[in-house]
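Asks: Here you go, one structure.
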Amino acid sequence: MVEQQAAVLSPEALVEEFKKNGVTHVVTIPDSETNYLYELMQEQPWLDVVPASREGETFAIALGLIIGGQTPVCLIQNTGMMESGDSIRGMALDSGFPLVMVIGYRGWNRHGVITDSVARYTEPFLNAFRINYYLVEQDADSHRISVAFEEAKNTKRPVAILVGDEYHGFNR
Amino acid sequence: MIQSSDIFRVFQDHRGDAIVIPTGTSGRHWREFTQNETRDLNLGGAMGHTTSAALGLALGLPNEKVVLFDSEGALLMNLGILATIAGKKPSNFCHILLDNECYATTGGQPVPNAQEINYAGVAKEAGYTAAYSFDDLEDFATNIEQIMNESGPVFVAIKVVPEVENEPIGMRQRAPSRSRAETIRDLQGELGISVG
């Protein structure tokens, strides 16, 4: 059983960070733990949610949006990030544009033994692609999202946010 | 089957101000006919995801017509994009598939179910506004003006003659072409877009 922490990351905090950083589109595949976040995003008049069929699409759709002058983020789970390897290479890293990718850190557990292999491989995957990342677990960490946006802008590279709170914060 | 160069020759007369994204082996011929290179875009590739990037561009520039010349080998790698496109309903998007029934760039091996699949049927059932199939140049020439004026997303599947390459990649002759970064820079300059 996964041990839960006392403080949580609220979907409102994530959406507020998107607004603060001028995000126009969220290109996403929802997962079972983020349905309230999905609903909240759809309620925002300033935000266009772009549902994709497979995670690799999200980085390419984001590139097209960026070329068109928009500010997208990719919001997917770590499992889908691994499926997206060549898209991350060809559409994000090689294009030389800033991009924040928000990754649900399935299997992450600060307090117990990590038994889900996707959690074991998530950070090594990002390191292999030389993508810097920030762990966000609770509202007090949410300022790191702005740090990621600033870093992406300055380096013209993708920067990842690992959402280490998938298991209780994003559902009602 | 139609020569892809003939497709582009006919299309150029109906292009208007559309942003054109040519891909694949057949797509190279566009350079011979384009009369507005500033609005030609090289989106690069990543296992079929040029289609996805073209969707992103159409969503990002809703007041610009976006025409993608796709290839069937690329589309098959990511067929779900048809549902993604249909779901967002970009009215400014025209998706033209040049179907040579093979992987021309790797020696001409057939794509799966090359002669049986109905790409226009798949697109239409996925939710595109309209979908057409052509294997005759005159039919294409007769219909392209109406297609370009139609509200999208519109899908057009065209059977084209394969132009198979067998030389090792490093030995192939390439006509001068602008890089992806150059085409993006030129298009953004034309549209007055700056990316922070």
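Rule-based calculations on the coordinates, nothing more; no lab input. Being a predicted model, the structure only gives us computed values, none of them experimental. Glycine also receives a Cβ, built like all others from the backbone with ideal geometry; neighbour counts cover every protein chain displayed.
Asks: Based on the alpha-carbon gyration tensor of the protein assembly as shown and its eigenvalue square roots a ≥ b ≥ c, which shape applies: rounded if a/c is under 1.5, prolate if not and a/b is larger than b/c, or oblate? Walk me through the numbers on the way to the answer.
Replies: Details: a/c = 1.99, a/b = 1.87, b/c = 1.06.
In terms of gyration-tensor shape, prolate.
Asks: Running a GNM on chain B with Cα contacts under 10 Å, which residue among B:VAL156, B:VAL20, B:VAL164 ends up with the highest mean-square fluctuation?
Replies: So, out of B:VAL156, B:VAL20, B:VAL164, the one fluctuating most is B:VAL164.
Asks: For a quick check, take a GNM of chain A with Cα springs below 10 Å and name the residue from A:ILE161, A:ILE103, A:ILE114 with the largest mean-square fluctuation.
Replies: A:ILE114
Asks: Sticking with this structure for a sec: Search the structure for amide H atoms under 5 Å from the amide H of B:SER71, placed 1.01 Å from N in the peptide plane, and list their residues when 5 or more places away or on another chain.
Replies: B:LEU98
Asks: Please list the non-local residues whose amide H lies under 5 Å from the amide H of A:HIS25, H modeled 1.01 Å from N, same-chain partners needing a gap of 5 or more.
Replies: Amide H to amide H, under 5 Å and 5 or more residues apart or across chains, A:HIS25 pairs with A:ASP48, A:THR71, A:VAL73.
Asks: Another question, if that's okay. Please go through the range B:151-191 and write out the trypsin sites (Lys or Arg not before Pro) that DSSP classes as loop and that have at most 11 other C-beta atoms within 10 Å. Display every interim value, and only then the final one.
Replies: On the way: sites: B:LYS159, B:ARG172, B:ARG174, B:ARG178, B:ARG180, B:ARG185; in loops: B:ARG172, B:ARG174, B:ARG178.
Of the trypsin sites (Lys or Arg not before Pro), the ones in loops of the range B:151-191 whose Cβ has at most 11 other Cβ atoms within 10 Å are B:ARG172, B:ARG174.
Asks: Under a point-charge model restricted to the Cβ atoms of Lys and Arg (+1) and Asp and Glu (-1), what is the dipole moment magnitude of chain A relative to its Cα centre, in debye to the nearest 20?
Replies: On the way: 13 positive and 23 negative charges, 106 e Å.
With Lys and Arg at +1 and Asp and Glu at -1, about 520 debye.
Asks: Where a ≥ b ≥ c are the square roots of the eigenvalues of the C-alpha gyration tensor, would you call the range B:131-196 rounded, which needs a/c under 1.5, or, failing that, prolate if a/b is larger than b/c, or oblate?
Replies: Details: a/c = 3.06, a/b = 1.12, b/c = 2.72.
Oblate shape, in that a/c is at least 1.5 and b/c is the bigger or equal ratio.
Asks: May I ask for the distance between the Cα centers of the range A:128-146 and the range B:147-196, given as a whole number of Å?
Replies: About 36 Å separates the Cα centre of the range A:128-146 from the one of the range B:147-196.
Asks: Quote the charge dipole size of the range A:1-99 about the Cα centre in Debye, to the nearest 20; the model charges only the Cβ of Lys and Arg (+1) and of Asp and Glu (-1).
Replies: Values: 4 positive and 14 negative charges, 65 e Å.
About 320 debye.
Asks: Taking each residue of A:18-27 in turn, how many C-beta atoms of other protein chains fall within 10 Å of its C-beta, and what is the average?
Replies: Average per residue, whole number: 1.
Asks: Moving to a separate point now. Say we join alpha carbon atoms closer than 10 Å with springs in a Gaussian network model of chain B; which of B:THR84, B:THR142, B:THR50 then has the biggest fluctuation?
Replies: Of B:THR84, B:THR142, B:THR50, the most mobile in the Gaussian network model is B:THR142.
Asks: Sequence gap at least 6, Cα distance under 8 Å: using those rules, report the relative contact order of the range A:50-172 to the nearest whole percent. Present the calculation step by step, with values, prior to reporting the outcome.
Replies: Details: 193 pairs, mean separation 33.8, N = 123.
That works out to 27 percent.
Asks: Rank the residues B:SER26, A:SER53, B:SER52 as a footprinting-exposure proxy: fewest other Cβ atoms within 10 Å of their Cβ go first.
Replies: A:SER53, B:SER26, B:SER52
Asks: Give A:LYS156/B:LYS65; B:LYS88/B:LYS159; A:LYS19/B:LYS88; A:LYS20/B:LYS65; A:LYS19/A:LYS153; B:LYS124/B:LYS159 a once-over and call out the pairs whose C-alpha atoms are over 25 Å from each other.
Replies: Values: A:LYS156/B:LYS65 28 Å; B:LYS88/B:LYS159 27 Å; A:LYS19/B:LYS88 22 Å; A:LYS20/B:LYS65 31 Å; A:LYS19/A:LYS153 16 Å; B:LYS124/B:LYS159 17 Å.
Exceeds cut-off: A:LYS156/B:LYS65; B:LYS88/B:LYS159; A:LYS20/B:LYS65.
Asks: Just to be sure I understand: of the beta bridges DSSP finds with both ends in the protein assembly as shown, what percent are antiparallel, rounded to 5?
Replies: So the antiparallel bridges in the protein assembly as shown amount to around 5 percent.
Asks: Quick one: grab the alpha carbon gyration tensor of chain B, order the square roots of its eigenvalues as a ≥ b ≥ c, and give me rounded if a/c is under 1.5, else prolate or oblate depending on whether a/b is larger than b/c. Could the numbers behind the result be given before it?
Replies: Values: a/c = 1.36, a/b = 1.08, b/c = 1.27.
Here chain B falls in the rounded category.
Asks: Tell me which of B:THR25, B:GLY121, A:ILE103 sits at the most positive position along the dipole axis of the protein assembly as shown, charges placed on C-beta atoms (Lys, Arg +1; Asp, Glu -1).
Replies: Sorting the options by dipole projection puts first A:ILE103.
Asks: Put +1 on the Cβ of every Lys and Arg and -1 on every Asp and Glu Cβ in chain B; which of B:LEU57, B:SER4, B:LEU76 then has its Cα farthest towards the positive end of the dipole?
Replies: Of the candidates, B:LEU57 comes out farthest on the positive side.
Asks: Also, I was wondering about something else. Among A:ASP141, A:ASP94, what is the fewest-to-most ranking by other Cβ atoms within 10 Å? Each step should come with its number before you reach the end.
Replies: Working: A:ASP141 18, A:ASP94 14.
Listed from fewest to most nearby Cβ atoms, that is A:ASP94, A:ASP141.
Asks: Ok, one more. Over what distance in Å are the Cα centres of the range B:46-73 and the range A:5-60 separated?
Replies: What the calculation gives is 23 Å, centre to centre.
Asks: Shifting gears a bit: What dipole magnitude, in Debye to the nearest 20, does the range B:1-130 give about its Cα centre under +1 on Lys/Arg Cβ and -1 on Asp/Glu Cβ? Don't jump to the answer; show the numbers that get you there.
Replies: On the way: 9 positive and 13 negative charges, 65 e Å.
So the magnitude is around 320 debye.
Asks: As I understand it, the dipole of the range B:123-196 uses +1 on the Cβ of Lys and Arg and -1 on the Cβ of Asp and Glu, about the Cα centre. Which of B:GLN146, B:ASN166, B:ALA130 lies farthest toward its positive end?
Replies: Comparing the listed Cα positions along the dipole, B:ASN166 ranks first.
Asks: Still on this structure: Please state the relative contact order of the range B:1-153 as a whole percent: Cα pairs under 8 Å, 6+ residues apart? Don't jump to the answer; show the numbers that get you there.
Replies: On the way: 212 pairs, mean separation 38.8, N = 153.
The value is 25 percent.
Asks: Mean separation of Cα pairs under 8 Å and 6+ residues apart, divided by the residue count of the range B:96-158: what relative contact order is that in percent? Before the final figure, lay out each step's value.
Replies: Details: 65 pairs, mean separation 26.7, N = 63.
Normalised by residue count, the contact order of the range B:96-158 is 42 percent.
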